[in-house]
Amino acid sequence: MINHLNFNLGRISPYFTQNASLGVDLYLHEKRSVRLQADAANLSNTLEVIDFGGLFSGNALGPSRQYTFRLVTTF
């Protein structure tokens, strides 16, 4: 975590994360539908250091790689 801090500038070094989303409609008929969505966040699985500037300022660590799947039905 120390490698992400820039003490000379007094800030966190910038970083780059990759996210991906994919969605598909499985069923469509008049007012009924079924949709599947898949999301992946922080694909490189790098450590994220987040800086909150403001009245209640502080630092936090971001989550590691995450996968989310969602199945939505409407009728």
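List of remarks:
- For the range 1-32, the set of residues classified as surrounded by 10 or more Cβ atoms within 10 Å (Cβ to Cβ) and among the basic types (K, R) consists of R11, R32, listed by residue number.
- Residue check for Y27: modelled with pLDDT of 95 or more, more than 15 Å from the chain's Cα centre (by Cα) and of a type in the set (F, W, Y): yes
- No other residue among R70, R35 is in contact with a strand residue (DSSP E or B) (Cβ under 9 Å, 6 or more places away or on another chain) and surrounded by 13 or more Cβ atoms within 10 Å (Cβ to Cβ) apart from R35.
The values are calculated or read from the model by the stated rules, or taken from the named source; none is laboratory data. None of these values were measured; they are calculated from a predicted model. Reconstructed Cβ throughout: ideal geometry from the backbone, glycine too, with neighbour counts over all protein chains shown.
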